[in-house]
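The values are calculated or read from the model by the stated rules, or taken from the named source; none is laboratory data. All figures in this text were calculated on a predicted structure; none of them were measured in a lab. Because the Cβ atoms are built from the backbone with ideal geometry, glycine has one as well, and the counts that use them run over all protein chains shown. Ligands, DNA and RNA are excluded from the accessible area calculation, which covers all protein heavy atoms including side chains. Shrake-Rupley method; radii C 1.70, N 1.55, O 1.52, S 1.80 Å.
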Amino acid sequence: MGDVILVISVENFIKSLLSSANAVFASKDMLTELDAAIGDGDHGINLDRGFKTVKEKIEGKSYTAFSELLRDVAKALLFSVGGASGPLYGQFFLKMGMKLGSKPEATLEEFANAVKAGVGGVKSIGKGERFDKTMLDVLIPFSEVLSTCVNEKTPCAECLKRAIEAAREGRDETINLIARKGRASYLGERSVGHMDPGAASSFLILEAMCQALLSVETDR
Ligand code: ADP
Ligand code: MG
């Protein structure tokens, strides 16, 4: 059996984004409950509305470039999610698309670089870092492990699986952290003992995206 190399087409990435949307719809109540504990209880509602808008915008439409697709995704999230997470997720997908540019397909290395650019965008507009108890506690380890695995020439499927495991650990670690950014930071030490809702949503968005990418993996 030859080396399995993942090539991500714009078309398959649309499927991955729709898969992330379905994961958000299925977890709407869970995300809202997490936000009710340490925020204002709207995270699931916000993201459900946002990904419905994304779905309406991109489903059935044909795109030839990542930049065009991801600009539509970013705008849909920016204008419909509201709250702190709308601009942050919007920026994530916008920067990803800018990095991928007008290409119709991407290698896993290019995808990893795009994720890194997206995480950079979230960090710069939210002024956040790792261990602030936010979505960055999932996005940063996901991006770092993905880049490391790709650089070490780990098989593609394994790269995605390890990145997802790192993201899951990052999500679970938010339970014991004190929130330093966003609404939950108003609670200080009382935020300890609860998982961050944005970390939970980032994890399920990335997990569904990677699973969809793995299911279209081709042997070349
Ligand atoms: P709001 O807090 O405005 O109600 P949401 O409930 O939709 O917005 O989103 C809350 C999530 O946004 C948090 O759980 C956290 O993960 C994320 N978040 C908030 N502020 C920041 C920030 N500065 N950097 C990164 N993520 C943040
Ligand atoms: Mg909220």
Net charge over other residues, Cβ less than 14 angstrom from the Cβ of residue 32 (K, R count +1; D, E count -1):
-4
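Under unit Cβ charges (Lys, Arg +1; Asp, Glu -1), what dipole magnitude, rounded to 20 debye, does the chain have relative to its Cα centre? Don't skip to the end; give the middle numbers.
On the way: 27 positive and 30 negative charges, 134 e Å.
Roughly 640 debye for the chain.
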Using only DSSP helix segments of four residues or longer, with each worth -39500 (n - 2.57), what per-residue ellipticity at 222 nm results for the chain after dividing by its residue count and rounding to 500?
-22000 deg cm²/dmol
Could you tell me which helices of the chain pass both thresholds, a Cα extent of 15 Å or more along their own axis and a mean Kyte-Doolittle hydropathy of at least 1.0, with helices taken as whole DSSP H runs?
136-151, 197-215
Carbon + sulfur, % of accessible area of segment 1-154 - ligands and nucleic acids excluded, 1.4 Å
53 percent
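Determine the alpha carbon to alpha carbon distance for each of 103/181; 61/153; 52/95; 61/181; 28/103 and list only those over 30 Å. The partial results should precede the final answer.
Numbers: 103/181 35 Å; 61/153 34 Å; 52/95 21 Å; 61/181 37 Å; 28/103 33 Å.
From 103/181; 61/153; 52/95; 61/181; 28/103, over 30 Å: 103/181; 61/153; 61/181; 28/103.
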Top positive-direction residue, dipole computed over the chain with Cβ charges, set 88, 115, 201
88
Selection of GluC sites (Glu not before Pro), segment 9-58, meeting DSSP coil and at most 15 other Cβ within 10 Å
none
Counting only residues 5 or more places away or on other chains, whose amide H sits under 5 Å from the amide H of residue 9 once H atoms are built in the peptide plane?
106
